[in-house]
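One structure is given below, encoded as structure tokens.
The values are calculated or read from the model by the stated rules, or taken from the named source; none is laboratory data. Keep in mind the model is a prediction, meaning the values are calculated, not measured. Positions of Cβ are generated from backbone atoms using ideal geometry, with glycine treated the same way; all protein chains shown enter the neighbour counts.
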Amino acid sequence: MKISALAGCVLLLAIMGCSHLPGAPKPGVEVPRPDAIMNFADLYHQNCAGCHGNHGMNGAAFDLANSTYLNWIDDATLRKIIADGETDVQMPAFGRSAGGFLTDAQIDALIHGMRTEWPAADEKPQGQTPPPYTTALKGDVARGEQVYQSACARCHRESTQSITSPTYLSLVNDQTLRTLIIAGRPDIGQPDWEADIPGHPLTDQQVTDVVAWLASLRTMTPGQPYAQPH
Amino acid sequence: MTDTVHEESKTPQDDRKEVSRRWLLLKAGALFNAVVGIAIATPVVRYLLDPVRRKSFYNSWISLGPLNQFPAGETRLATYVNPYRQPWDGTTDDTACWVRHISGSSFQVFAINCAHLGCPVRWFPQSELFMCPCHGGVYYADGERASGPPERGLFQYQYKVVNDELHIYAGQMPTLANSARLRVLNNTGNKGCSSCAG
Amino acid sequence: MRWVKQTYNWLESRLQLEGPVKDAVLHPVPRNTASWWYVFGSAAFTLLILQIVTGILLALVYVPSAGEAWNSLNMLNHQLPLGWFLRAMHGWGSNFMVAIVLIHMAQVFMFGSYKYPRELTWILGVFLLLMTLGMAFTGQVLRFDQDSYWGLGIGASIVSRVPFIGRSLVHLLLGGPIIAGATLTRFFALHVFIIPGALLLFACAHVWMVLKLGINEWPMPGRAVRRSTYIAEYNKLTHEDGIPFFPGAFWKDLYFSGAIIAAVVVCAAVFGPYGPSGQPDPTIIRTVPKPDFFFLWIYALLAYLPPSLETPFLLIAPVLAIAGLVALPFMAGEGEKSWHRRPIAVLTLVTVAVIWGVFTNLATYTPWSPKMNAWSSDTVPERYLHGLTPVERRGAIVFQAMQCRNCHSIGGQGGERGPALDSVATRLTEDQLIRQVIQGGGNMPAYGKNLSPSQVTALVSFLDTLHPHNQPEAVDSAERAVTTIPAETGAKSSTKVKASASPQASAAPAGN
């Protein structure tokens with residue numbers, strides 16, 4: 001009798017003292033409203049990681065954790081891209097105003113997180129300032145081809161690295177090309193504007209010319225299946 | 001049984017007249033109770049059946065807001081407050097629907113509820129499909145069934161444009177039973193189901 | 001201690017319960033029924049009592065209002081000391097009760113206990129099972145979170161399929177045109193007054209008949225039930241080889257009930273309460289509703305029924321199932337009780353159990369549903385991206401951005417509605433891939449209208465890289481014949497060979 005009473009007391013104490021039981025609900029609501037999620041890791045994982053890769057690297061689409069890129073692009077441009085998307089390059093619109101599900105505050109939380117939570121953002125650019133995000137210069141197709149041959153063709157003449165097919169060029173816009181040339185993709189080994197020609201960083205004009213030349217290769221009917229005969 | 005009980009039951013049985021009177025009284029009493037019961041039951045049944053109403057009682061024209069919220073060529077989520085409501089309904093009166101602005105004043109307003117079993121379908125503008133999270137119903141942009149278990153396309157609300165605002169005729173949870181009151185799609189998926197037509 | 005005796009006598013002379021209780025407690029039962037197989041009924045009754053007690057305690061706080069129910073549950077979870085524990089006890093008690101009732105039913109079926117003269121006991125049991133399931137469903141509704149809201153939607157959609165009166169039935173079920181305050185109050189009345197009242201009444205009648213008709217003897221092969229002789233045989237058995245129910249058989253019931261309650265306590269403490277999940281706001285459409293455990297099998301069934309069969313099945317199958325259960329003791333009221341001599345009964349039970357298990361298991365990972373967030377949250381595995389050409393890489397982006405991933409998994413992540421695409425290139429040639437993407441088919445929507453030619457080409461070129469290194473991609477047999485003639489080598493097939501070789505070549509160093 002005494003033993004069972006004792007056991008009862010212990011059990012009672014255990015229960016009374018245990019809001020630390022494993023089953024005790026975590027603080028806060030179990031499933032928050034989707035528009036109340038402000039945590040960068042969750043927001044990024046739910047909305048961006050699919051294309052841009054975990055932690056902004058090694059994804060199919062552009063590596064957002066690229067330090068050159070993060071130091072180069074401003075908040076307003078990022079905000080606009082996330083909210084309105086770039087449908088010509090398969091970037092969906094995520095903002096409420098454009099039919100997506102993210103609120104303005106959530107988009108700001110994403111941008112803030114990209115800039116503060118990824119180590120890449122802390123690496124300040126060394127050496128030269130890159131050409132600006134947008135340019136007023138006009139590109140020259142002929143000069144662009146020359147720059148391409150000296151700066152890009154080293155790798156891109158390989159058939160596995162070809163970027164001159166109309167299919168590829170119809171799936172990227174000029175700004176994508178400019179971003180890729182300037183910021184590079186260190187996660188998959190593509191050099192940035194400084195390293196394309198070692199020791200000779202590309203100038204704004206050179207980048208603009210290459211983009212203009214690539215743009216001139218676009219055709220009216222891109223996306224023909226099967227590779228074209230050489 | 002004891003003898004006393006036997007005697008007690010025997011005594012009144014002797015007087016047949018009194019017995020028939022007792023039975024008559026009992027029957028009258030039962031009848032009286034039946035009348036009272038029916039009198040009570042009538043309002044109770046009315047009370048229980050109160051929610052069963054015609055469409056026109058529940059439905060009305062509701063504004064989804066100005067047209068400029070719905071860019072042409074896109075499908076957007078719109079919300080409205082159900083017209084028939086009680087103060088204690090909380091958030092459950094808020095209702096969502098998908099508005100597809102085809103062009104000009106041509107729209108399609110789809111119910112959020114899957115035509116299969118009423119789960120909330122989600123629009124994916126990239127693949128231009130509605131997908132249902134419950135049993136995998138998929139619909140094309142115009143609401144036609146694309147795949148999965150639904151036997152018809154998405155339910156659609158009647159709509160009209162008044163003063164640059166989009167109005168829909170709504171008020172009930174769309175189901176197969178009242179879908180005929182909504183605009184039924186002329187798609188091939190709508191077949192072999194008596195309740196769709198009714 | 002004399003006053004105890006006096007009080008007892010005073011009460012007993014008025015209540016006169018001693019006789020019936022003694023009769024009930026000491027009635028002889030066949031010795032071999034004092035078995036661990038006979039404890040489930042009493043455990044179910046114990047769980048019913050537990051549910052009533054915890055239910056009443058929860059009702060002290062719960063607010064049956066659509067606007068406040070969810071808040072009051074969160075308050076129970078977070079602010080009342082051990083409020084969450086009570087909720088967990090009630091929730092797990094419900095799970096255990098359904099499970100024990102099902103086990104009890106299976107045991108009764110296996111032991112042939114439903115045969116003469118216990119037919120009515122079985123029929124009441126069938127209704128007790130239905131009411132237990134009704135309690136489980138209405139209890140899930142009272143949680144009034146997103147799962148409960150859309151669960152009601154599914155219920156209303158099923159009811160709406162009833163011909164002619166479907167619309168009225170929906171209104172009756174919901175208490176109005178939509179799921180709202182009136183819906184919750186009527187489910188509250190069902191869960192708290194109507195079903196528990198009936199459940200208690202039926203359970204008492206059920207127990208009464210067990211006491212009056214005696215506990216079913218252990219089934220022996222060859223000892224068949226005959227209406228003319230059974231009662232005499234049973235009485236002989238209990239009097240010649242019987243023991244008093246108390247304590248001979250009762251102590252096992254006592255231990256098992258205690259163990260079940262302890263199991264409920266442990267589950268409640270370890271796994272905690274169910275939800276409430278998100279708030280019941282129908283404008284939150286980014287939700288993936290799912291029913292509670294014991295309704296998962298229905299959820300799975302509804303996904304697999306062909307559309308044309310669904311309405312008839314939903315309306316006819318439950319009626320047939322209940323009718324079958326009720327008719328069982330009349331169709332098989334006599335004869336062998338032992339499972340050794342009832343192969344069809346054993347087979348039926350095993351079949352039902354396997355089907356139930358398979359459907360429940362399927363519903364835990366819902367292979368029929370698109371994974372709504374897969375396209376934007378599941379990354380393309382690095383090993384599939386390595387060494388891709390720029391076009392193929394764009395194809396991978398198209399694959400994600402067009403929500404292909406919602407239905408097709410790669411690298412073990414993504415939807416399971418369609419086939420996994422990890423080795424799709426070994427199954428389909430480039431032409432077949434293009435056709436499948438554009439025209440759809442086999443339950444896949446057609447993407448022809450939604451993809452530009454470039455997107456299709458890029459997507460297919462990406463899909464064409466999805467094959468194991470040691471397995472070549474599928475090639476048209478006609479094309480293969482062409483490539484064997486060097487002079488006639490078409491441009492198309494030669495580049496194909498090149499393209500198929502190159503990812504492997506460039507992928508090889510990646511492994512190092």
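Against the list (1) away from chain A (no Cβ under 14 Å); (2) more than 23 Å from the chain's Cα centre (by Cα); (3) assigned to a helix (DSSP H, G or I), the condition C:GLY333 fails is (3).
Among the residues of region C:237-260, write down those that are surrounded by fewer than 18 Cβ atoms within 10 Å (Cβ to Cβ) and closer than 28 Å to C:GLY93 by Cα. Lay out the reasoning, then the answer.
Here is the first cut: in region C:237-260, the ones surrounded by fewer than 18 Cβ atoms within 10 Å (Cβ to Cβ) are C:239-241, C:243-244, C:246-248, C:250-252, C:254-255, C:258-259.
If the condition is that a residue be surrounded by fewer than 18 Cβ atoms within 10 Å (Cβ to Cβ) and closer than 28 Å to C:GLY93 by Cα, then C:PHE246, C:PRO247, C:GLY248, C:PHE250, C:TRP251, C:LYS252, C:LEU254, C:TYR255, C:GLY258, C:ALA259 are the ones that fit.
Residues in region C:54-99 that are among the charged types (D, E, K, R) and within 14 Å of chain B (Cβ to nearest Cβ): C:GLU68 alone. Taken over region B:89-135, residues that are more than 7 Å from chain C (Cβ to nearest Cβ), at negative phi and of a type outside the set (Ser, Thr, Tyr) amount to 19. From the list C:ILE231, C:ILE194, the one residue that fits, being within 14 Å of chain B (Cβ to nearest Cβ) and either in a helix (DSSP H, G or I) or out of contact with any Cys (no Cβ under 6 Å at 6 or more places or on another chain) (or both), is C:ILE194. For C:VAL108, the test of being in a helix (DSSP H, G or I) and closer than 19 Å to C:GLY197 by Cα is failed.
Count, please, the residues in region A:191-221 that happen to be surrounded by fewer than 18 Cβ atoms within 10 Å (Cβ to Cβ) and within 14 Å of chain C (Cβ to nearest Cβ). Reasoning before the result, please.
Within region A:191-221, the first condition is being surrounded by fewer than 18 Cβ atoms within 10 Å (Cβ to Cβ), and the residues that meet it are A:191, A:195, A:197-200, A:203-205, A:215-221.
Checking the rest, the ones that are also within 14 Å of chain C (Cβ to nearest Cβ) come to A:217-221.
The total comes to 5.
Scanning for something modelled with pLDDT under 95 and touching a strand residue (DSSP E or B) at 6+ places or on another chain (Cβ under 6 Å), does region C:207-216 turn up at least one residue? Yes; the residues of region C:207-216 include at least one that is modelled with pLDDT under 95 and touching a strand residue (DSSP E or B) at 6+ places or on another chain (Cβ under 6 Å).
Quick test for you: out of B:GLY104, B:GLY90, pick the one residue that is exposed (fewer than 11 other Cβ atoms within 10 Å of the Cβ) and assigned by TED's automatic domain parsing to the domain that holds B:PRO133. Walk me through how you get there before you give the answer.
On the way: B:GLY90 fails: exposed (fewer than 11 other Cβ atoms within 10 Å of the Cβ).
None of the others qualify; the one that does is B:GLY104.
Yes or no: region B:67-77 includes at least one residue that is farther than 20 Å from C:PRO177 by Cα, over 22 Å from the mean Cα position of the chain (by Cα), surrounded by 20 or more Cβ atoms within 10 Å (Cβ to Cβ) and hydrophobic (A, V, I, L, M, F, W, C). Break it down into steps so the answer makes sense when it comes.
Taking region B:67-77 first, the residues farther than 20 Å from C:PRO177 by Cα are B:67-77.
Narrowing the set further to residues that are over 22 Å from the mean Cα position of the chain (by Cα) leaves B:67-77.
Filter once more, so that each one left must be surrounded by 20 or more Cβ atoms within 10 Å (Cβ to Cβ): B:70, B:75.
Subsequent filtering for residues that are hydrophobic (A, V, I, L, M, F, W, C) retains B:70.
Yes, region B:67-77 has at least one match.
Against the numbered list (1) among the polar types (S, T, N, Q); (2) modelled with pLDDT of 90 or more; (3) farther than 26 Å from A:GLY189 by Cβ, C:ASN450 comes up short only at (2). Can you report the number of residues in region C:339-359 which are closer than 21 Å to C:ALA300 by Cα and small (Gly, Ala, Ser)? So the answer is 2.
Condition check ((1) within 9 Å of chain B (Cβ to nearest Cβ); (2) surrounded by fewer than 24 Cβ atoms within 10 Å (Cβ to Cβ)) across all residues:
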{"residue": "C:LEU124", "(1), (2)": "no, yes"}
{"residue": "C:PHE127", "(1), (2)": "no, yes"}
{"residue": "C:ALA136", "(1), (2)": "no, yes"}
{"residue": "C:ASP145", "(1), (2)": "no, no"}
{"residue": "C:TYR149", "(1), (2)": "yes, no"}
{"residue": "C:VAL159", "(1), (2)": "yes, yes"}
{"residue": "C:PRO163", "(1), (2)": "yes, yes"}
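Only a single criterion out of (1) within 14 Å of chain B (Cβ to nearest Cβ); (2) farther than 27 Å from C:PRO291 by Cα is not satisfied by C:TYR38, namely (1).
Can you say whether B:VAL138 is β-branched (Val, Ile, Thr), more than 7 Å from chain C (Cβ to nearest Cβ) and either farther than 19 Å from C:TYR149 by Cα or crowded, with 24+ Cβ neighbours inside 10 Å (or both), as far as the supplied structure shows?
Working: β-branched (Val, Ile, Thr): yes; more than 7 Å from chain C (Cβ to nearest Cβ): no; either farther than 19 Å from C:TYR149 by Cα or crowded, with 24+ Cβ neighbours inside 10 Å (or both): yes.
Criteria not met by B:VAL138.
Summed over region C:261-273, the residues that are among the β-branched types (Val, Ile, Thr) and either crowded, with 19+ Cβ neighbours inside 10 Å or facing chain A (nearest Cβ under 7 Å) (or both) give a count of 2. Scanning region C:267-300 for residues that are in a helix (DSSP H, G or I) and modelled with pLDDT under 90 yields a count of 0.
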